[in-house]
Amino acid sequence: MKNHDIFYKSALYYDIAFDFKNIPGECDFISQIYQRHNKKKPQSFLECAAGPALHTIEFGRRGLRAHAIDLSQHMVRYGQKKAQQQGVKIDYQQLDMTNFTLAQPVDTAAILMDSTSYLLTNDAVLRHLDCVAKALTPGGIYLLEMSHPRDVFNVGKSAGTDWERERDGVKVRTIWGKLDDPFDPTTQITSVSVRLDYEDKGEIGSITDKAPQRSFSANEFDALVRACGKFKIVEIFGAMELSVPFNNKPTAWRMIPILQKI
């Protein structure tokens, strides 16, 4: 599975670039969703394509049995070190999200930051869903944070693609995608350019990469879930907030289907 390998090797800069995320709030949301459909709190969690594994670490801090998987060995090592530094126990393994098994099933799972975009074919999506279903307990919940479909149809941008962050004197500017990145409407795949500029203790540099990413429509994803036959979509949100429904209003900047194992 091709992804932005060069970009993900720079795990520290990636972590800084995406530290605008409200990790505790998003973990609250994931827990609330599980409780809505199971009438109890989750005891275990899996993060797919976890990157720095920030949600995994937060759930581990809260006392859940916390697991993470990612294809990048650099991200796995970074996430493991980050958890150790914070005194949090997690299980982080380098695994392909289309071909993995867990030794012990979990109550809830999530894939965040539109990492589903690296599932380029319907077969890849179905293999992934099958793996997640096997990794969940009965009635388990799977939350997917996906791009809003308006981005598929080029009727507006739902998220910023150029931003800057700074931590401990390290400055990072990220540009995710360019207007002239080639899009194939027959596959809904864009060859996405990524550029990261950094200033790190006097060192100045840039990292560039390009990889295919797929966009999904709502009906298309619904059909894939039905084809899998192991989940039902119980809710869809427009952000990682209970108060934001999935629709075409500006407040709905994501597509977040909630799948329950059947």
Response to the item:
In the stretch 209-229, residues that are more than 18 Å from the chain's Cα centre (by Cα), outside any strand (DSSP E or B) and not aliphatic (A, V, I, L, M) total 6
Worksheet, complete the sentence: Of the conditions (1) over 21 Å from Met146 (Cα atoms); (2) open to solvent by 10 Å² or more (accessible area, probe 1.4 Å); (3) of a type outside the set (D, E, K, R), the single one that Ser31 does not satisfy is (1)
Discussion item. Among the listed residues Leu126, Leu120, Leu143, identify the single one that is in a loop (DSSP other than H, G, I, E, B), surrounded by 15 or more Cβ atoms within 10 Å (Cβ to Cβ) and in contact (Cβ under 8 Å) with a residue 12 or more places away in the chain.
Written reply: Leu120
Fill in: Cβ pairs under 7 Å, 6+ apart, first in the stretch 165-177 and assigned to a loop (DSSP other than H, G, I, E, B), second of a type in the set (Gly, Ala, Ser) and crowded, with 17+ Cβ neighbours inside 10 Å
Gly177/Ser193
Discussion item. For the stretch 56-90, which positions are surrounded by fewer than 23 Cβ atoms within 10 Å (Cβ to Cβ), part of a helix (DSSP H, G or I) and touching a Ser or Thr at 6+ places or on another chain (Cβ under 9 Å)?
Written reply: His74
Worksheet item: Has the stretch 36-45 got at least one residue that is under 21 Å from Ile262 (Cβ atoms) and small (Gly, Ala, Ser)?
Response: yes
Practice prompt. Taking only the stretch 180-217 into account, find how many residues are of a type in the set (Asp, Glu) and either open to solvent by 40 Å² or more (accessible area, probe 1.4 Å) or in contact with a helix residue (DSSP H, G or I) (Cβ under 7 Å, 6 or more places away or on another chain) (or both).
Written response: 5
Worksheet item: Would it be correct to say that Gln93 is open to solvent by 20 Å² or more (accessible area, probe 1.4 Å) and assigned to a strand (DSSP E or B)?
Response: yes
Discussion item. Which count do you get for residues in the stretch 52-87 that are in contact with a strand residue (DSSP E or B) (Cβ under 8 Å, 6 or more places away or on another chain) and not hydroxyl-bearing (Ser, Thr, Tyr)?
Written reply: 18
Discussion item. If I filter the stretch 98-109 for residues that are open to solvent by 40 Å² or more (accessible area, probe 1.4 Å), touching a residue at least 12 places away in the same chain (Cβ under 8 Å), closer than 15 Å to Gln213 by Cβ and not basic (Lys, Arg), do I get at least one hit?
Written reply: no
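Could you list, in sequence order, all residues of the stretch 107-129 that are hydrophobic (A, V, I, L, M, F, W, C), at pLDDT 95 or above and over 13 Å from Phe221 (Cα atoms)?
Scanning the stretch 107-129 gives Ala109, Ala110, Ile111, Leu112.
The values are calculated or read from the model by the stated rules, or taken from the named source; none is laboratory data. From a predicted model like this one, the values you see are computed outputs, not experimental measurements. Note that we place each Cβ from the backbone using ideal geometry, even for glycine, and neighbour counts take in every protein chain shown. Please note that ligands, DNA and RNA were not included when accessible areas were found on the heavy atoms of the full protein model with its side chains. Shrake-Rupley method; radii C 1.70, N 1.55, O 1.52, S 1.80 Å.
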